[in-house]
Amino acid sequence: MSPDILSAAGSIPSSCLHSIFHAAERKEQETGVGVVKLHVGDPYFSPSGNVADEFVAAVRRGDTKYTGPEGLPALRAAAVDKLREDNGVDSAVSRLLISPGSAQGLAALLQSLAEPGAEILLPELHWPVHLQQSLLAGFQPVLYPLGAGFRPDPERIAAAASPRTRVLLINSPANPTGVVLEREEIAALLELARSRGWHVISDEAYEHFCYEREHLSVASLERDVPVDERIVHSVFTFSKSFAMTGYRLGYVALANDRAADVMKVVQEANIIGTSTPVQHAGIAALSSRADAAATNRKLVQRNRDAVLPQLVQAGLLNELPAGGWYAMLDVARTGLDSEEFALRLLESKGVAVVAGNGFAMRPDVDERGHIRSHDFAPWARHLIRIAFCVDPAELETGVQRLLEFVGERG
Ligand SMILES: Cc1ncc(COP(=O)(O)O)c(C=O)c1O
């Protein structure tokens, strides 16, 4: 018999994203009929042509050797320019690190900041990967209650904090809620973090998908603070803005040089380096970023505006999401909880959605960082998440079938 696995990792359940992914695949294999996939944040559009051209050209040129753990200098310089010109963020090549996807950048950043007993503040309704990564890095996650409309409320965050709090995570536009924070809200969160001596991690994966107002980068608010006193570490991805999900490319703009030096060590140990031809493709993506990001935003916004109003009319959605790729629906009137809803919808209508309770897991974590048990916030019992970055016809079909399913039950 092989030895048991007693690590913290061994105590973490796989996320709701994973389980529906497999259920949808199984359904397709069993029936031979395609499932309408509203469960994954993968867009129906592709990267612009120059991205693939540059990837192939780099391979053909033989630009396939290791780069350093921090990434290709030319890509880092291009990302620094982009941050300055588009985000109002003052970064520098010395504090900007390329990563294989922003998920890995986030994981490495969390590993750089974790220390024994340290707590990280995450919203009670969160992307499950943020919770998994926090636990894997060795943080004690503290899930703070959100205010009205799933918006972070500094008072509630302050009440959830403790002397062991080290990091506050902000995700705007948010997955799964679609909430986009206003300048005053970000300023208040930043002020709280600064007054308490916390780091801030700002996950800006959906920076280009704001439909009502401009995206505001958290770090732009500390552009005039001396570098050594900055606290915001910002994480960005090529996956969403440039539809490069499978390329696996992201970057982290660290608050200061000390944090960057620490994360370089973490990356050296974790990845050696990011794929070299993919980084060349990233340079191409940044060179054509204005057009690509604007076009892609329009495509997703068109989906949102064309299809989601039906869900508002049906009383399943309060308002159109202000940003991101997802909408959280409340299906309480069907009498089904979110997991049953997702499974039965897949079974009877061939539509995959994510059970929303999985975004509101509440782990009971022991002092070693192992999950003893977990439950889900009761208010999330009837929530489900759909992605609206998918093919317009597919989205329309999926939503029609979902409405039919709800209609048959309520
Ligand atoms: C909030 C958020 N952050 C980060 C990511 C990671 O994206 P990637 O690793 O593809 O850069 C995702 C992916 O869905 C996400 O939703």
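Numbers at a glance
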item: Calculated P(r) tail over 31 Å for the chain, as whole % of Cα pairs; result: 38 percent
item: Solvent-accessible area, 1.4 Å probe, carbon plus sulfur percent, for the range 1-149; result: 56 percent
item: Out-of-range pairs (alpha-carbon distance over 23 Å; input 240/349; 82/298; 37/298); result: 240/349
item: Share of pairwise Cα separations in the range 49-288, more than 26 Å, in percent; result: 34 percent
item: Kyte-Doolittle at least 0.0, axis length at least 15 Å by Cα - qualifying DSSP helices, the chain; result: 49-61, 102-113, 276-287, 392-407
item: Sequence ranges 379-388, 312-321, ranked by mean other-Cβ count within 10 angstrom, highest first; result: 379-388, 312-321
item: The range 287-394 shape via C-alpha gyration tensor axes, a/c threshold 1.5; result: oblate
item: Length gained when the stretch residue 30-residue 158 is fully extended (0.36 nm per residue, less Cα-Cα span); result: 41.1 nm
item: Surface share of carbon and sulfur [accessible, 1.4 angstrom probe, percent] for the range 236-303; result: 53 percent
item: Estimated dipole of the range 49-288 in Debye, rounded to 20 [Cβ of Lys and Arg +1, of Asp and Glu -1, Cα centre]; result: 580 debye
item: Calculated [θ] (222 nm, deg cm²/dmol) that DSSP helices of n ≥ 4 give over the chain, each run adding -39,500 (n - 2.57); result: -12000 deg cm²/dmol
item: Shape call, the range 85-198: gyration tensor on alpha carbons, a/c limit 1.5; result: rounded
item: Charge sum, other residues only, whose C-beta stays under 12 Å from residue 90's C-beta, Lys/Arg counted +1 and Asp/Glu -1; result: 0
item: Summed residue charge, Cβ within 12 Å of residue 182's Cβ, Lys/Arg positive, Asp/Glu negative; result: -1
item: Gained length - residue 22 relative to residue 196, 0.36 nm times residue gap less alpha-carbon distance; result: 58.4 nm
item: Residue-span extension gain [residue 9 to residue 184] - 0.36 nm each, minus C-alpha spacing; result: 59.2 nm
item: Ordering of 345-355, 400-410 by burial proxy (mean other Cβ atoms within 10 Å per residue, highest first); result: 345-355, 400-410
item: Among 14, 275, 172: highest mean-square fluctuation, GNM of the chain, C-alpha pairs under 10 Å; result: 14
item: Dipole axis of the chain (+1 Lys, Arg; -1 Asp, Glu on Cβ), positive-most option in 131, 5, 301; result: 5
item: Net charge over other residues, Cβ less than 11 angstrom from the Cβ of residue 259 (K, R count +1; D, E count -1); result: +1
item: Those residues of the range 244-277 whose amide nitrogen sits under 16 Å from the label point placed on residue 52, 7 Å along Cα→Cβ; result: 244-248
item: Charged-residue dipole, Cβ positions (Lys, Arg, Asp, Glu), the range 1-110 about Cα centre, Debye nearest 20; result: 140 debye
item: Two-site label geometry, residue 366 and residue 77: point separation in nm, points 7 Å out along Cα→Cβ; result: 5.3 nm
item: Per residue value of the accessible surface for the range 49-288 (all protein chains in place, 1.4 Å probe), Å²; result: 37 Å²
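The values are calculated or read from the model by the stated rules, or taken from the named source; none is laboratory data. This structure is a prediction, so every number in the text was calculated from the model and none was measured. Here Cβ is always computed from backbone atoms with ideal geometry, including for glycine, and neighbour counts include all displayed protein chains. Calculation scope for accessible area: heavy atoms of the full protein, side chains included, ligands and nucleic acids excluded. Shrake-Rupley method; radii C 1.70, N 1.55, O 1.52, S 1.80 Å.
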